[in-house]
Amino acid sequence: MTARTLLAITLIGLCSIAQAQEPRSATIEFEAPTHYTDGAPITDPISYRVYQGARGGEKQLIGTITETQTTINSGLERGREYCWHVTAVVGGEESEPSNEGCKAFRVPRSVTITVR
């Protein structure tokens, strides 16, 4: 069997709850590829690998999913920015990474209250 190249996945959404709320989370959504680059339809089951890391840097695999949306809601710390990309896996072949989606979890500004 000749290996086929998968079309790239494009992240279509990256959103999170308001920065001051707990828990911090990010929801990643993407469109599933339907064809190989040679135009042949993908008929085998597809899984997706989600990678996380620094903007523009190397990413580490954090999970494998079968749906086109996932929510990351653990290990996300205030004061840090996290970036993700996704790959598709069909028949043991992994696609090129999707575009990168990033979300910063800012430290809330402190408020000083003076009681007189």
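Miscellaneous remarks
- Qualifying positions in segment 66-80 - under 20 Å from F30 (Cα atoms) and either assigned to a strand (DSSP E or B) or in contact with a Lys or Arg (Cβ under 9 Å, 6 or more places away or on another chain) (or both): Q69, T70, T71, I72, N73
- Segment 74-88: number of residues that are touching a strand residue (DSSP E or B) at 6+ places or on another chain (Cβ under 8 Å) and either surrounded by fewer than 17 Cβ atoms within 10 Å (Cβ to Cβ) or modelled with pLDDT under 90 (or both): 6
- Among the numbered conditions (1) under 17 Å from A104 (Cβ atoms); (2) surrounded by 13 or more Cβ atoms within 10 Å (Cβ to Cβ), the only one that T70 does not meet is (1).
- The number of residues in segment 56-65 that are not in a strand (DSSP E or B) and not acidic (D, E) comes to 2.
- Members of segment 31-55 that are assigned to a loop (DSSP other than H, G, I, E, B), more than 22 Å from V107 (Cα to Cα) and in contact with a strand residue (DSSP E or B) (Cβ under 8 Å, 6 or more places away or on another chain): E31, A32, P33, T34, T37, I42, D44, P45, I46
The values are calculated or read from the model by the stated rules, or taken from the named source; none is laboratory data. Worth saying up front: this structure is predicted, and the values here are computed from it rather than measured. Cβ coordinates were reconstructed from backbone atoms using ideal geometry, including for glycine residues, and neighbour counts include every protein chain displayed.
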